[in-house]
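Since the structure comes first, as structure tokens, the remarks are kept for the end.
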Amino acid sequence: METAVQAEALTKIYPNQRGLPALRDLELTIPTGILFGLVGPDGAGKTTALRILSSVMLPTSGRVRVLGYDTRTQPDPVRRRIGYMPQNFSLYPDLTVAENLNFFADIQQLSLARKHTRIPEMLRFTRLQDFQSRRAAKLSGGMKKKLALACALVHEPDVLILDEPSTGVD
């Protein structure tokens, strides 16, 4: 079975933590086709690990490969093949639901024909069709999560990384 995500001796030390690691020596192998969850108390390093796995943040030490690509030396192919939904809302509040989806589809280089199919699919999937003209800043917390999920899925990623995806979602 192909490996989707592999982390070796993954460590992250933030400069302001006096040398205390937020994440220490994480070893992880996730095969393709597997639903995998990181569970632990607040402050255990789950969000830090997910940021590193998604190539948003570099580890202090260790190595991550996603679908065979090294996140440190090959972040672009990693980012094209993953969908990442961070814990906190990070979309564009001044854009509408439809504009956010279009923006993320453009970033992921979806063809115009594919955008015309995929965006309505994502709106139906998240039940946001009736809100596509609403600015993201005016959405409820649950709707913001749904929009973030739709943006993470719009390009049909091979790996989906979700950080606390169900908080505030109906």
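Does anyone have the angle between helix 97-107 and the longest principal axis of the chain? Alpha-carbon axes, 0 to 90°, nearest 10? Helix 97-107 sits roughly 50 degrees off the main axis of the chain. Compared with the dominant principal axis of the Cα atoms in the chain, helix 112-125 is inclined by about 90°. Of all the options ILE82, ILE34, ILE119, the one that moves most in a Gaussian network model of the chain with Cα springs shorter than 10 angstrom is ILE34. Per-residue Karplus couplings for segment 25-33, computed as 6.51 cos²θ - 1.76 cosθ + 1.60 with θ equal to phi - 60°, are listed in order as 6, 5, 10, 8, 9, 10, x, 5, x Hz, Gly and Pro entered as x. Counting only protein heavy atoms and a 1.4 Å probe, the chain has 57 square angstrom of accessible area per residue.
Taking the C-alpha atoms only, the angle from helix 141-153 to the longest principal axis of the chain is near 80 degrees. Specify whether the C-alpha gyration tensor of segment 1-102 places it in the rounded, prolate or oblate class, a ≥ b ≥ c being the square roots of the eigenvalues: rounded for a/c under 1.5, otherwise prolate if a/b is larger than b/c and oblate if not. Taking the square roots of the gyration eigenvalues as a ≥ b ≥ c, segment 1-102 is oblate. Only helices enter the 222 nm calculation for the chain: every DSSP H run of n ≥ 4 contributes -39,500 (n - 2.57), and dividing by all residues gives -9500 deg cm²/dmol, rounded to 500.
When ARG24, ARG124 are compared by accessible area at a 1.4 angstrom probe, the order from most to least is ARG24, ARG124.
Note on segment 35-170: with neighbouring protein chains present and a 1.4 Å probe, carbon and sulfur make up 51 percent of its accessible heavy-atom surface. Over all Cα atoms in the chain, the spread is summed up by Rg and Dmax: 16.8, 52 Å. Summing Lys and Arg as +1 and Asp and Glu as -1 over all other residues whose Cβ lies under 14 Å from the Cβ of LEU26 gives a net charge of +3. Springs join every pair of Cα atoms under 10 Å in this Gaussian network model of the chain, and among GLN87, GLN109, GLN132 the largest mean-square fluctuation is at GLN109.
Across the protein chains, with a 1.4 Å probe defining accessible surface, the residues LEU50, LEU20, LEU147 rank LEU20, LEU50, LEU147 from largest area downward. Springs between Cα atoms under 10 Å define the GNM used for the chain, and in it the highest mean-square fluctuation of LEU23, LEU53, LEU153 occurs at LEU23. Within the straight-line cut-off of under 14 Å between alpha carbons, the aspartates and glutamates reachable from LYS145 are ASP163, GLU164, ASP170, sequence neighbours fewer than 8 places apart in one chain being disregarded.
The values are calculated or read from the model by the stated rules, or taken from the named source; none is laboratory data. Everything numeric here is computed off the predicted structure, so don't read it as measured data. Reconstructed Cβ throughout: ideal geometry from the backbone, glycine too, with neighbour counts over all protein chains shown. Note: areas computed on protein heavy atoms with side chains; ligands, DNA, RNA excluded. Shrake-Rupley method; radii C 1.70, N 1.55, O 1.52, S 1.80 Å.
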